[in-house]
Amino acid sequence: MKIKSLYIISMVIMATVSGRAQAPLDIDREFAFAAQQYEGMLRAHPDTTKFPQSTNPDGSPRDMKSDWWCSGFFGGSLWYLFERTGDPKWKEAAHRWTMAVAKEQTNTTTHDLGFMLYCPFGNGYRLTKNPAYPPILLTGAQSLATRFNPNVGLIKSWEKFQTYTYPVIIDNMMNLEFLFWAAKTSGDKRLRDICLTHADNTLKNHYRPDGSSFHVICYNPDGTVAAKKTAQGAADGSAWARGQAWGLYGYTVMYRETKAKKYLEQARKIAGFYLNHPNLPADKIPYWDFNAPGIPNEERDASAGAIAASALLELSTYGGPEANTYRQAATQMLQSLSGPAYKAKPGGNNHFILAHSVGAKPMKSEVDVPLVYADYYYLEALLRYEALQKKKG
């Protein structure tokens, strides 16, 4: 679907929705559809060395190896299907795809072990208490901790970015939940301290006064800032949409784990920037960058919408004058993602649930395609929505 057509259709849909009270989402229907799609995904992926990632420009499936940063999301989504349905077939599939990334527990070359390990193994352990999972997670946490340099005070993201040798991206906030779990499980206070120091320095250097975030901060060996850049955003000073969602989610988790008010205040500030931005479309699914130069004829990013929806639902549980606003906005995001503008047709979209995400437009990589992590956070958000509805009613 062309971007302009998508924009017009989504505007019509959300104009209709905004004109009446929000109807409850049909969670049974959405999970039934997700199950149908992922049954097809499993049939198309008999080999657990090829992880579903996206769609290539020619329409063929794009699969990646276990050392790719997204390798844990498919297993994590399968666990969410098991959580919602209780069907043992999903438990078996989730375990198989979870164990397929076990070897990454000793990978010290990536900061993404939270995504790679905690999404599948963390959810798997939460749901089954399988004793095989914690040792793998604890080894992985120690591997991740090797990327923390106390002189800089942050977990290093990439080995190099442009000419800089200590780049840190906002995405890194998402891996702290993993380290918190490991600290509580193992009693290793150092892992918790790493989370606090990383979050505090990110708060200090990544964020602008309006609550928006830079994507990449490049550090000198002494911890001073060398440069403020972007890799996947429209410009160094722009607000890359998924980056804003990562930060919103990350600081919400920081408050959950510490109850420190500064993290709650930061999460609310990010939410305010996100929800009140004049370039946020009526259906609440953002353009890939809030400052993309061709708005309104720019691609949307369903993955950012799904991540933000999940984060806002949790943030709404921590009270405050905007709690209801957060819940309503998240509900609208999920309604949009569950509608025809973003949801795949049955059996289509290479068996992914959602369409129209953007990976890295400046690199011409994964533009207006399905992405495995969009599905993961969408399913997570649906589960959070349902839990809140049950609590409410």
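Condition first: among the β-branched types (Val, Ile, Thr) and not in a loop (DSSP other than H, G, I, E, B). Now tell me which residues in segment 150-167 satisfy that. Working first, answer last.
Filtering segment 150-167 for residues among the β-branched types (Val, Ile, Thr) gives 152, 155, 163, 165.
Across segment 150-167, the qualifying residue is only ILE155.
Is one or more of the residues making up segment 151-161 of a type in the set (S, T, N, Q), out of contact with any Lys or Arg (no Cβ under 9 Å at 6 or more places or on another chain) and under 11 Å from TYR219 (Cα atoms)? Yes, segment 151-161 contains at least one residue that is of a type in the set (S, T, N, Q), out of contact with any Lys or Arg (no Cβ under 9 Å at 6 or more places or on another chain) and under 11 Å from TYR219 (Cα atoms). Only a single item in (1) under 17 Å from GLU177 (Cβ atoms); (2) polar (S, T, N, Q); (3) crowded, with 20+ Cβ neighbours inside 10 Å is not met by SER54, and it is number (1). When segment 178-198 is filtered for residues that are more than 23 Å from GLY72 (Cα to Cα) and aliphatic (A, V, I, L, M), only LEU196 remains.
Within segment 343-359, is there a residue that is in a helix (DSSP H, G or I) and of a type in the set (Gly, Ala, Ser)? No, every residue in segment 343-359 fails to be in a helix (DSSP H, G or I) and of a type in the set (Gly, Ala, Ser). Going by the structure shown, is TRP79 part of a helix (DSSP H, G or I), touching a Ser or Thr at 6+ places or on another chain (Cβ under 9 Å) and touching a residue at least 12 places away in the same chain (Cβ under 8 Å)? Spelling it out, TRP79 is indeed part of a helix (DSSP H, G or I), touching a Ser or Thr at 6+ places or on another chain (Cβ under 9 Å) and touching a residue at least 12 places away in the same chain (Cβ under 8 Å). Could you tell me whether any residue of segment 86-101 is in contact (Cβ under 8 Å) with a residue 24 or more places away in the chain, within 25 Å of GLU366 (Cα to Cα) and part of a loop (DSSP other than H, G, I, E, B)? Within segment 86-101, one or more residues are in contact (Cβ under 8 Å) with a residue 24 or more places away in the chain, within 25 Å of GLU366 (Cα to Cα) and part of a loop (DSSP other than H, G, I, E, B). Exactly one residue among LEU144, LEU196, LEU179 is assigned to a helix (DSSP H, G or I) and over 20 Å from the mean Cα position of the chain (by Cα), and that residue is LEU196. The set of residues in segment 95-112 that are crowded, with 22+ Cβ neighbours inside 10 Å and within 18 Å of GLU83 (Cβ to Cβ) comprises TRP97, THR98. A count restricted to segment 263-290 and to residues that are under 25 Å from PRO370 (Cβ atoms) and either in contact with a strand residue (DSSP E or B) (Cβ under 9 Å, 6 or more places away or on another chain) or small (Gly, Ala, Ser) (or both) stands at 11. Note on segment 64-94: among residues that are surrounded by 20 or more Cβ atoms within 10 Å (Cβ to Cβ) and either among the charged types (D, E, K, R) or on the phi > 0 side of the Ramachandran plot (or both), the one that is nearest to the chain's Cα centre (by Cα) is ARG84. Candidates ALA182, ALA132: the one that is of a type outside the set (Lys, Arg), within 24 Å of ALA267 (Cβ to Cβ) and out of contact with any Gly (no Cβ under 6 Å at 6 or more places or on another chain) is ALA182. LYS345 meets the stated requirement of being within 25 Å of GLN36 (Cα to Cα) and either more than 19 Å from the chain's Cα centre (by Cα) or charged (D, E, K, R) (or both). Got at least one residue in segment 113-126 being exposed (fewer than 14 other Cβ atoms within 10 Å of the Cβ) and out of contact with any strand residue (DSSP E or B) (no Cβ under 9 Å at 6 or more places or on another chain)? There is at least one residue in segment 113-126 that is exposed (fewer than 14 other Cβ atoms within 10 Å of the Cβ) and out of contact with any strand residue (DSSP E or B) (no Cβ under 9 Å at 6 or more places or on another chain). Could you please find all residues in segment 270-325 being outside any loop (DSSP other than H, G, I, E, B) and among the basic types (Lys, Arg)? Once the filter is applied, which keeps residues that are outside any loop (DSSP other than H, G, I, E, B) and among the basic types (Lys, Arg), segment 270-325 yields only ARG300. Of the candidates ALA260, ALA245, the single residue that is modelled with pLDDT of 95 or more and over 24 Å from LEU371 (Cβ atoms) is ALA260.
Has segment 230-240 got any residue that is closer than 16 Å to PHE148 by Cβ and either in contact (Cβ under 8 Å) with a residue 12 or more places away in the chain or in a loop (DSSP other than H, G, I, E, B) (or both)? It would help to see each step written out before you state the result.
Quick first cut of segment 230-240, residues closer than 16 Å to PHE148 by Cβ only: none.
The answer is no, given that none of the residues of segment 230-240 is closer than 16 Å to PHE148 by Cβ and either in contact (Cβ under 8 Å) with a residue 12 or more places away in the chain or in a loop (DSSP other than H, G, I, E, B) (or both).
The one condition from (1) farther than 16 Å from ALA329 by Cα; (2) without any contact (Cβ under 8 Å) to a residue 40 or more places away in the chain that HIS277 does not meet is (1).
Residue-by-condition table, conditions (1) under 14 Å from MET333 (Cα atoms); (2) modelled with pLDDT under 95:
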| residue | (1), (2) |
| --- | --- |
| PHE352 | no, no |
| GLY359 | no, no |
| SER365 | no, no |
| VAL369 | no, no |
| TYR376 | no, no |
| GLU380 | yes, no |
| GLU386 | no, no |
| GLN389 | no, yes |
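Please tell me if ASP171 is without any contact (Cβ under 8 Å) to a residue 24 or more places away in the chain and assigned to a helix (DSSP H, G or I). Spell out how you get there, then give the answer.
On the way: without any contact (Cβ under 8 Å) to a residue 24 or more places away in the chain: no; assigned to a helix (DSSP H, G or I): yes.
No.
The values are calculated or read from the model by the stated rules, or taken from the named source; none is laboratory data. On a predicted model such as this, the values are computed, not experimentally measured, just so you know. Here Cβ is always computed from backbone atoms with ideal geometry, including for glycine, and neighbour counts include all displayed protein chains.
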